[in-house]
Amino acid sequence: MLIQGGITLPVKSFAEDVREGLGKWGQKELPSKYLYDEVGSALFEVITKLPEYGLTRAEERILRRHSGAIAEQCAAHGMVIELGSGNGRKTRWILGALAHHPSTTYCPIEISSAALVSCERELDDLPQVSIVGFEAEYLDGLTRAVARRRDGEGVLVLFLGSSIGNFDRGPGEDFLRRIRQALQPGDALLLGADLEKPLAQLLPAYDDSLGVTAAFNRNLLARINRELGGDCDLARFEHVALYNARERRIEMHLRSVEKQTVKIAGARFIFDCDETIRTESCHKYAEDESAVMAERTGFECAAQWVDNEWAFAETLFKAV
Ligand SMILES: C[S@@+](CC[C@H](N)C(=O)[O-])C[C@H]1O[C@@H](n2cnc3c(N)ncnc32)[C@H](O)[C@@H]1O
């Protein structure tokens, strides 16, 4: 279930989202969360190591250098909840810096069971940390995790890797408001956001020379074939990464190289030659944009750190 504006909505199944997204008039699209099955999560880990993909290394540099300052600001925060943790490798810096707490509860929230397992394995050697993982959507997991908060304990939410960029700007702010609603005054949110940068640097991050991002994108069709009995011919779709200047975002698409009909779970979808499915949006931000988002969503901006090698901002929000 998904709680929206106090109303509880049923979460749609993969099959329903595929039927809706591919059945659309105009731009066909699929929610990017479906990129992360076991294969997709493994490919994403490889992407983070590619020379073209500077985001992860930039954020890791910031966390390595400034986790002490982050921990100082979060002295009362014995519970750390991470939305979309992936393998959690960068989070080690924060959990390590919080080591002065007698015990920290770390709750990774992941839609991908493979990513959750690798995160729990990655961090299980931290002696003062107990890990309670949730295989869940972001807000459902957040609600379940904060319910475990002990009296007087502060909560630090991590939303790293510029995953905020997968939301359109308006819905992204709505999402931050929902996070705020789950928190109490004094709780904190650490938000990683990739900044605007020259296209010569940005585009290859989503279209690398080894073709790993292309495989990550096309795996979505392979997943449809595996899980929904689809007959997508992967050779007839190619990976496209483009910059949408109006929306200030990278978009990943799958382009049909010819006119074709695809069958999925008994339904037929017609593709024109060159028609695309949009599979992911990655919005890029101005340096001061996170602070503005904080103020509009019930937080205040407590601190910000920027990596200069690869423009990336880590911003600490305090719930007011
Ligand atoms: C871009 S990756 C970032 C991973 C990690 N935070 C990092 O910085 O490297 C996004 C992660 O969020 C997870 N994810 C995507 N959509 C989700 C959702 N709606 N609910 C929970 N997890 C989600 C994916 O499985 C993936 O591991």
Collect the residues in segment 144-166 that are in a helix (DSSP H, G or I), more than 30 Å from Arg248 (Cα to Cα) and touching a residue at least 60 places away in the same chain (Cβ under 8 Å), keeping them in residue-number order.
Ala145, Val146
Filter result for Val155 (surrounded by 20 or more Cβ atoms within 10 Å (Cβ to Cβ) and farther than 18 Å from Lys90 by Cα)
yes
Test: residue in segment 287-307 that is of a type in the set (S, T, N, Q), assigned to a loop (DSSP other than H, G, I, E, B) and under 19 Å from Gly170 (Cα atoms)
yes
Please go through segment 108-127 and give me each residue that is within 22 Å of Gly154 (Cβ to Cβ) and either among the polar types (S, T, N, Q) or away from the ligand (no atom under 12 Å from the Cβ) (or both), ordered by number.
Leu123, Leu126, Pro127
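Report whether or not Ala265 is surrounded by fewer than 20 Cβ atoms within 10 Å (Cβ to Cβ) and over 28 Å from Lys284 (Cα atoms).
Details: surrounded by fewer than 20 Cβ atoms within 10 Å (Cβ to Cβ): yes; over 28 Å from Lys284 (Cα atoms): yes.
Criteria met by Ala265.
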Could you grab me the full set of residues in segment 128-139 that are near the ligand (Cβ under 9 Å from one of its atoms) and either assigned to a helix (DSSP H, G or I) or among the polar types (S, T, N, Q) (or both)?
Tyr138, Leu139
Test Ser256 against the criterion of being open to solvent by less than 40 Å² (accessible area, probe 1.4 Å) and on the phi > 0 side of the Ramachandran plot, and give yes or no.
no
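Step by step: first the residues of segment 11-52, then only those that are of a type in the set (Ser, Thr, Tyr) and within 13 Å of the ligand (Cβ to nearest atom), then the one that is most open to solvent (accessible area, probe 1.4 Å). Which residue is that?
If we filter segment 11-52 for residues that are of a type in the set (Ser, Thr, Tyr), which is where we start, we get 13, 32, 34, 36, 41, 48.
Those still in the list that are within 13 Å of the ligand (Cβ to nearest atom) too: 32, 34, 36, 41, 48.
Numbers: Ser32: 26, Tyr34: 20, Tyr36: 57, Ser41: 16, Thr48: 23 Å².
Among them, the one singled out is Tyr36.
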Which members of segment 250-261 meet the condition of being farther than 17 Å from His239 by Cβ and assigned to a strand (DSSP E or B)?
Thr261
Take the residues in segment 141-189 that are of a type in the set (Asp, Glu) and more than 16 Å from the ligand (Cβ to nearest atom), then tell me which one is farthest from Lys284 (Cα to Cα).
Asp151
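Table: residues versus (1) touching an Asp or Glu at 6+ places or on another chain (Cβ under 9 Å); (2) touching a residue at least 12 places away in the same chain (Cβ under 8 Å); (3) of a type outside the set (S, T, N, Q).
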site: Ser256; (1), (2), (3): yes, yes, no
site: Lys263; (1), (2), (3): yes, yes, yes
site: Ala267; (1), (2), (3): no, yes, yes
site: Ala286; (1), (2), (3): yes, yes, yes
Can you confirm whether segment 70-80 contains a residue that is within 12 Å of the ligand (Cβ to nearest atom) and either touching a Ser or Thr at 6+ places or on another chain (Cβ under 9 Å) or not in a helix (DSSP H, G or I) (or both)?
no
Pick from segment 272-286, criterion surrounded by 17 or more Cβ atoms within 10 Å (Cβ to Cβ) and closer than 15 Å to Arg169 by Cα, ranking: farthest from the chain's Cα centre (by Cα):
Tyr285
Please name all residue pairs, on different chains or six or more residues apart, with Cβ atoms under 6 Å, provided the first residue is in segment 25-45 and is part of a helix (DSSP H, G or I) and the second residue is within 11 Å of the ligand (Cβ to nearest atom) and hydroxyl-bearing (Ser, Thr, Tyr).
Ser41/Ser112
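The values are calculated or read from the model by the stated rules, or taken from the named source; none is laboratory data. Keep in mind the model is a prediction, meaning the values are calculated, not measured. FYI the Cβ positions are ideal-geometry reconstructions off the backbone, even for glycines, and counts take in every protein chain you see. Note: areas computed on protein heavy atoms with side chains; ligands, DNA, RNA excluded. Shrake-Rupley method; radii C 1.70, N 1.55, O 1.52, S 1.80 Å.
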